[in-house]
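What follows draws every value from the coordinates through simple rules; no lab data is involved. Because the structure is a prediction, the values reported are computed rather than measured. Reconstructed Cβ throughout: ideal geometry from the backbone, glycine too, with neighbour counts over all protein chains shown.
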Amino acid sequence: MADTGEPQTLCEPHASRGELISNRLLGALRPRELERLSPYLRKVDLARDTMLFDCGEDVTLTHLPCHATMVSLLVVSKEGQEVEVANVGREGAIGGIVSAGFKPAYGRAVVRVPGFAFCIPTARLEDAKSQSPILADLFARYADVLLAQMMQSAACNALHGVEQRYCRWLLSTHDRAGDEPIRLTQETLAQMMGVQRTTVTAVARALQDDGVIATGRGRIEILDRSALEKRACECHDAVEHHFQRLLPEVDTTD
Ligand SMILES: [Zn+2]
């Protein structure tokens, strides 16, 4: 990462409005606010497993995922185990959001579903927020929903069973990726959930036997969304409801 905090992988410095608003947070901005950010936004392709920042590192870039791109925010144990506390897709942004640009990072951010995103030097975003109360307000409300997602994850891990949590994760991924198969091994999912791989495999098998999902070779396909909703805990809906209340102008539908 450059000392200046400027993006290293630049492509198409002048993105179209259509591309910009494929991140729904950017899409909620009025033209005047979008113009404040657009000179500094750079389109980047994010490969699977790319680490956007690690624990303790200075966060110099904020990423805004587009389309199906999804990034996991993870807390890493002393032994190196990564547990997911939040995931961020096209509805949001990751990097210096809750801390309002103050560094260093407490967690690690890793790309789970590859695709493109826009990135902006976090300092530039903070400058723009300081000049625009509208922009500052939108990102403050987004920081609140991101924090709510983390709070809900703490409660979810304490209260809900592995199958409910597994279904919750699939629902939030399906919200972003649609009917595209999710390319993730059960082993990675087990690690993110902080449980044994054999436990996750048994849950996946039960869901497959009931026709809810199909799995194989590091991919998971959702066959029956409504059945998945019934078997998930309330956490997905709770976070979604809070998001809709705080950010009604952000269109998360397809
Ligand atoms: Zn839950």
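When the dipole is taken about the Cα centre of segment 105-183, and only Lys, Arg (+1) and Asp, Glu (-1) are charged at their Cβ, what size is it in debye, to the nearest 20?
I would put it at about 220 debye.
Excluding GLU187 itself, calculate the net charge of residues whose Cβ lies under 15 Å from the Cβ of GLU187, where each Lys or Arg counts +1 and each Asp or Glu counts -1.
On the way: positive: ARG48, ARG112, ARG183, ARG197, ARG205, ARG217, ARG219; negative: ASP49, GLU82, GLU84.
Within the 15 Å Cβ shell, the charges total +4.
Rounding to the nearest 20 debye, state how big the charge dipole of segment 17-145 is about its Cα centre with +1 on each Lys and Arg Cβ and -1 on each Asp and Glu Cβ. Intermediate values should be presented prior to the final figure.
Working: 16 positive and 16 negative charges, 86 e Å.
The calculation lands at about 420 debye.
When only alpha-carbon atoms count, how far does segment 17-145 stretch along each of its three principal axes, as whole angstroms with the largest first?
Principal axes ranked by extent give 47, 27, 23 Å for the Cα atoms.
Please compute, over every Cα-Cα pair in the chain, the percentage with a separation greater than 25 angstrom.
41
Report the local net charge at PRO65: Lys and Arg +1, Asp and Glu -1, summed over other residues whose C-beta lies under 11 Å from its C-beta.
Numbers: positive: ARG24, ARG90, ARG112, ARG176; negative: GLU91.
For residues surrounding PRO65, the net value is +3.
Normalise the Cα radius of gyration of segment 161-232 by 2.2 N^0.38 Å (N = residues in it) and let me know the number.
Working: Rg = 10.7 Å, N = 72, 2.2 N^0.38 = 11.2 Å.
In units of the 2.2 N^0.38 Å rule of thumb, it is 0.96.
Restricting to Cα pairs below 8 Å that are 6+ residues apart, what does the relative contact order work out to for the chain? Please round to a whole percent.
Details: 454 pairs, mean separation 52.6, N = 254.
In percent, rounded to a whole number, it is 21.
Can you find, among VAL195, THR215, CYS167, the residue farthest towards the positive end of the dipole of segment 161-232? Put +1 on the C-beta of Lys and Arg, -1 on that of Asp and Glu.
Projecting each Cα onto the dipole axis, the largest value belongs to VAL195.
Using a Gaussian network model of the chain whose springs link C-alpha atoms within less than 10 Å, name the residue from ARG30, ARG231, ARG90 with the highest mean-square fluctuation.
Checking each option, the largest mean-square fluctuation is seen for ARG30.
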